[in-house]
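Notes to accompany the following structure.
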Amino acid sequence: MNIERWNALLRELGVPLETETFSRLQSAYAEGHRAYHTSRHIDECLSLLDELKRLCERPAEVECALWFHDAIYEPMSKSNEERSADWAAEFLNSSGAARDVASRVRSHVMATCHEAPPPDADSKVVVDIDLSILGAESSRYEEFERDVRKEYRWVPRFIYGPKRAAILQSFLDRPRIYQCAPMFERFEEKARANMAKAIHALGYRSPES
């Protein structure tokens, strides 16, 4: 996350340059209770987007969604995605972007709830990029699991273990984790291996292990 990239995004979106929202986003991703959902996650997402822009119908809108998709992150809240999506839409509307742009970006952010199949091609890119950590190399994935646990450090292990295992199993139960062909080919097999191993480490057994 750097100001040069932020300014380039605003130019692509056709909205005036401003730094206040950039500073607010930086502060949000630096909140002390975060361990995984930090600026590092956004940087990794943006780096991967640079490789996948050819898949996007509207790359700037995909990038905007990635900047905002975890802007609000409170582990005890169930409205993080909605509030992040609202922030993105409010920023775009107040900046003079077309309403359909704000609506699409909001939809992309909401797709990172991971509760339903992404509704369109660009949302698929956003979701696949957000989930790319699942298919990371083993050491990075293990770091991810440790960081997620830190964000829920207040949850007793006997509660965290089965809930985390259930979340991971819900992804394994899907016919496919990644919707875009290049992402499927690159990450699907490794993601399934990583999550099966993590479920086992939590004291459970995945059917895929």
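The values are calculated or read from the model by the stated rules, or taken from the named source; none is laboratory data. Keep in mind the model is a prediction, meaning the values are calculated, not measured. Using ideal geometry, Cβ is built from the backbone for each residue, glycine included, and neighbour counts are taken over all protein chains shown. We work out accessible area using only protein heavy atoms, side chains counted, and drop any ligands, DNA or RNA first. Shrake-Rupley method; radii C 1.70, N 1.55, O 1.52, S 1.80 Å.
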Value of [θ]222 nm, deg cm²/dmol, for the chain, DSSP H segments ≥ 4, -39500 (n - 2.57) each, nearest 500: -20500 deg cm²/dmol
Given charges at Cβ of Lys, Arg, Asp, Glu: the range 5-134 dipole, positive-most of MET110, VAL126, PHE68: PHE68
Net charge over other residues, Cβ less than 9 angstrom from the Cβ of ALA65 (K, R count +1; D, E count -1): -1
Principal axis box of the range 107-209, alpha-carbon based, largest edge first, Å: 39, 26, 22
For the range 80-164, the Rg and Dmax computed from alpha carbons only, in angstrom: 16.2, 49
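Calculate the dipole size of the range 1-140 relative to its Cα centre from +1 charges on Lys and Arg beta carbons and -1 charges on Asp and Glu beta carbons; express the result in debye to the nearest 20.
Values: 15 positive and 25 negative charges, 12 e Å.
Magnitude of the dipole: close to 60 debye.
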Cα radius of gyration and Dmax for the range 1-114 (Å): 13.1, 37
Under 13 Å from the Cα of LYS190 - aspartates and glutamates, other chains or at least 8 residues apart: GLU137, GLU142, GLU208
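Please sort by residue number the chymotrypsin sites (Phe, Trp or Tyr not before Pro) in the range 83-160 whose DSSP state is loop and whose Cβ has at most 12 other Cβ atoms within 10 Å. Don't jump to the answer; show the numbers that get you there.
On the way: sites: TRP87, PHE91, TYR141, PHE144, TYR152, TRP154, PHE158, TYR160; in loops: TYR152, TRP154.
Taking the range 83-160 and a limit of 12 other Cβ atoms within 10 Å, the loop chymotrypsin sites (Phe, Trp or Tyr not before Pro) found are TRP154.
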Within straight-line cross-link reach of LYS197, lysines at Cα separation under 22 Å, skipping those fewer than 8 residues along the same chain: LYS150, LYS163
Cα long-axis angle, helix 138-151 against the chain (0 to 90 degrees, to the nearest 10): 80 degrees
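Would you mind working out the accessible area per residue for the chain, using a 1.4 Å probe, and quoting it in Å²?
Numbers: 10310 Å² over 209 residues.
Per-residue accessible area for the chain comes out at 49 Å².
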Along each principal axis, Cα extent of the range 59-116, largest first, Å: 33, 21, 15
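Whats the longest run of the chain with zero GluC sites (Glu not before Pro) that are DSSP loop and have at most 10 other Cβ atoms within 10 Å?
Details: sites that count: GLU115, GLU137.
Result, exposed sites excluded: 1-114.
What is the sum of charges, Lys and Arg at +1 and Asp and Glu at -1, for the other residues whose Cβ falls under 13 Å from the Cβ of CYS180?
Working: positive: LYS53, ARG54, LYS124, ARG176, ARG186; negative: GLU51, GLU57, ASP120, ASP122, ASP128, ASP130, GLU185, GLU188.
Local net charge: -3.
In percent, what relative contact order does the chain have, based on Cα pairs under 8 Å that are 6 or more apart in sequence?
Values: 245 pairs, mean separation 36.7, N = 209.
That works out to 18 percent.
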Carbon and sulfur %, accessible surface of the chain computed with the full protein complex present, 1.4 Å: 52 percent
DSSP loop trypsin sites (Lys or Arg not before Pro) with at most 13 other Cβ within 10 Å excluded, longest remaining stretch of the chain: 1-77
